[in-house]
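Visitor: Take this structure first; my questions come after.
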Amino acid sequence: MTKKWIALLATAAAALLFSATTFAATEGALQQAGNDLSDQASLQRGAQAYMNYCSGCHSLKYLRYSRMASDLGLTEQQVMDNLNFTGVKFGEQIHVAMTKEQGEKWFGKMPPDLSLIARVRQSDWVYTYLKSFYLDESRPLGWNNKLFPNASMPNPLWELQGLQHAEFGEPDAAGERHPERLVVTSPGRVTPQEYDQTVRDITNFLEYAGEPAALKRQSLGVWVILFLALLSFLAYLLKNEYWTDVH
């Protein structure tokens, strides 16, 4: 093997090791969301919180208001009166009123659609992200995020959570200090336990939005398993009947 190939393999191995280490560190920092798609009340609360605090900037373009109403046990009137702030028809997708030009002017780019965020990032990441904002005067909007440094958005739930500050550790080899702990220095409108539940509800709703069919698939799964169990039992009886004469 030539020195060139040895160098390439060594570089690839180092890259894989670095990626694995980074992934492990990130995963270790995640908090458990503990959400439950079978909890319809949580999904309803999550939809309400999302529409009130997140839908002004982030769309859910793969989800329709009518589908959400059907899956979450809501009436058309409830959805149109309390969850539809753009005035579109009941059968339309969940878009934002903000234009691309406005998004680029206020945030530097149009805020992303969040239809698949829970599938791409996983629910624990979404839950931890929403709990990791802290005040940072060096950022353009005055906020930063411990899980996702230099996020270009403010904390949408700061009124509920309160104002959170970071406690930094010792400088690293590059002289940079990273937040080690987050502390709420000015309480919000709800208790920490209530805030955790609100974030869990939003996370639950976003997991549902990423795959609405999961609700029906999970309920059908129980019947499929029961059917297979019954079919196996009948097959067992049939096998015994066939082999009776043989013995």
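Visitor: What is the residue count in the range 140-155 for residues that are open to solvent by 80 Å² or more (accessible area, probe 1.4 Å) and farther than 22 Å from residue 55 by Cα? Walk me through it before giving the result.
Guide: Let us first name the residues in the range 140-155 that are open to solvent by 80 Å² or more (accessible area, probe 1.4 Å), namely 140, 148-150.
Adding the requirement that they be farther than 22 Å from residue 55 by Cα leaves 149.
The qualifying residues number 1.
Visitor: Within the range 30-66, how many residues turn out to be part of a helix (DSSP H, G or I) and either among the polar types (S, T, N, Q) or at pLDDT below 95 (or both)? Let's see the steps before the verdict.
Guide: Of the range 30-66, the ones part of a helix (DSSP H, G or I) are 40-53, 65-66.
From what's left, either among the polar types (S, T, N, Q) or at pLDDT below 95 (or both): 40, 42, 44, 48, 52, 66.
Total meeting the criteria: 6.
Visitor: Being under 21 Å from the mean Cα position of the chain (by Cα), open to solvent by 30 Å² or more (accessible area, probe 1.4 Å) and more than 23 Å from residue 68 (Cβ to Cβ) is true for just one of 113, 124. Which residue is that? Give the derivation first.
Guide: On the way: 113 fails: more than 23 Å from residue 68 (Cβ to Cβ).
Just a single option satisfies the conditions, and that option is 124.
Visitor: Determine if the range 156-163 includes at least one residue that is open to solvent by 80 Å² or more (accessible area, probe 1.4 Å), assigned to a helix (DSSP H, G or I), closer than 30 Å to residue 65 by Cβ and free of Cβ contacts under 8 Å to residues at least 60 places away in the same chain. Show your work before the answer.
Guide: Our first condition is that a residue be open to solvent by 80 Å² or more (accessible area, probe 1.4 Å); within the range 156-163, this holds for 158-159.
Right, trim to assigned to a helix (DSSP H, G or I) and you get 158-159.
If we keep only those that are closer than 30 Å to residue 65 by Cβ as well, we get 158-159.
Retained after the next criterion (residues that are free of Cβ contacts under 8 Å to residues at least 60 places away in the same chain): 158-159.
Yes, some residue in the range 156-163 is open to solvent by 80 Å² or more (accessible area, probe 1.4 Å), assigned to a helix (DSSP H, G or I), closer than 30 Å to residue 65 by Cβ and free of Cβ contacts under 8 Å to residues at least 60 places away in the same chain.
Visitor: In addition: Condition first: under 9 Å from the mean Cα position of the chain (by Cα) and of a type in the set (Lys, Arg). Now tell me which residues in the range 127-138 satisfy that.
Guide: Result: no residue meets the conditions.
Visitor: Follow-up question, since we're still on this one. Among the residues of the range 88-118, how many are of a type outside the set (A, V, I, L, M), modelled with pLDDT of 95 or more and outside any loop (DSSP other than H, G, I, E, B)?
Guide: Summing the residues that are of a type outside the set (A, V, I, L, M), modelled with pLDDT of 95 or more and outside any loop (DSSP other than H, G, I, E, B) in the range 88-118 gives 1.
Visitor: Tell me yes or no: at least one residue of the range 214-233 is open to solvent by less than 50 Å² (accessible area, probe 1.4 Å), within 20 Å of residue 71 (Cβ to Cβ) and either of a type in the set (Phe, Trp, Tyr) or in contact (Cβ under 8 Å) with a residue 60 or more places away in the chain (or both).
Guide: Of all residues in the range 214-233, those open to solvent by less than 50 Å² (accessible area, probe 1.4 Å) come to 214-215, 221.
If we keep only those that are within 20 Å of residue 71 (Cβ to Cβ) too, we end up with 214-215, 221.
After this cut, where a residue has to be either of a type in the set (Phe, Trp, Tyr) or in contact (Cβ under 8 Å) with a residue 60 or more places away in the chain (or both) as well, the list is 214-215.
There is at least one residue in the range 214-233 that is open to solvent by less than 50 Å² (accessible area, probe 1.4 Å), within 20 Å of residue 71 (Cβ to Cβ) and either of a type in the set (Phe, Trp, Tyr) or in contact (Cβ under 8 Å) with a residue 60 or more places away in the chain (or both).
Visitor: Check off (1) over 15 Å from the mean Cα position of the chain (by Cα); (2) under 18 Å from residue 47 (Cα atoms) for residue 174 and give me the number that stays unchecked.
Guide: With respect to (1) over 15 Å from the mean Cα position of the chain (by Cα); (2) under 18 Å from residue 47 (Cα atoms), residue 174 is out only on (2).
Visitor: Do you know which residues across the range 196-216 are over 23 Å from residue 32 (Cβ atoms) and modelled with pLDDT under 80? Give the steps one after another, and end with the answer.
Guide: Within the range 196-216, the subset over 23 Å from residue 32 (Cβ atoms) is 212-213, 216.
Matches in the range 196-216: 216 only.
Visitor: Identify, from the list 216, 239, the residue that is under 30 Å from residue 51 (Cα atoms), in a helix (DSSP H, G or I) and out of contact with any strand residue (DSSP E or B) (no Cβ under 7 Å at 6 or more places or on another chain).
Guide: Among 216, 239, only 216 is under 30 Å from residue 51 (Cα atoms), in a helix (DSSP H, G or I) and out of contact with any strand residue (DSSP E or B) (no Cβ under 7 Å at 6 or more places or on another chain).
Visitor: If you check 189, 200, which single one turns out to be of a type in the set (Lys, Arg) and in contact with a strand residue (DSSP E or B) (Cβ under 9 Å, 6 or more places away or on another chain)?
Guide: Details: 200 fails: in contact with a strand residue (DSSP E or B) (Cβ under 9 Å, 6 or more places away or on another chain).
189 is the lone residue from the list that is of a type in the set (Lys, Arg) and in contact with a strand residue (DSSP E or B) (Cβ under 9 Å, 6 or more places away or on another chain).
Visitor: Then there is this: Are any residues in the range 168-195 modelled with pLDDT of 95 or more, open to solvent by 90 Å² or more (accessible area, probe 1.4 Å) and either assigned to a loop (DSSP other than H, G, I, E, B) or more than 24 Å from residue 33 (Cβ to Cβ) (or both), and if so, which ones?
Guide: Of everything in the range 168-195, just one residue is modelled with pLDDT of 95 or more, open to solvent by 90 Å² or more (accessible area, probe 1.4 Å) and either assigned to a loop (DSSP other than H, G, I, E, B) or more than 24 Å from residue 33 (Cβ to Cβ) (or both), namely 189.
The values are calculated or read from the model by the stated rules, or taken from the named source; none is laboratory data. These numbers were taken from a predicted model, which means no experiment stands behind them. Glycine also receives a Cβ, built like all others from the backbone with ideal geometry; neighbour counts cover every protein chain displayed. In case anyone asks, the SASA skips ligands and DNA or RNA and just uses the protein heavy atoms, side chains included. Shrake-Rupley method; radii C 1.70, N 1.55, O 1.52, S 1.80 Å.
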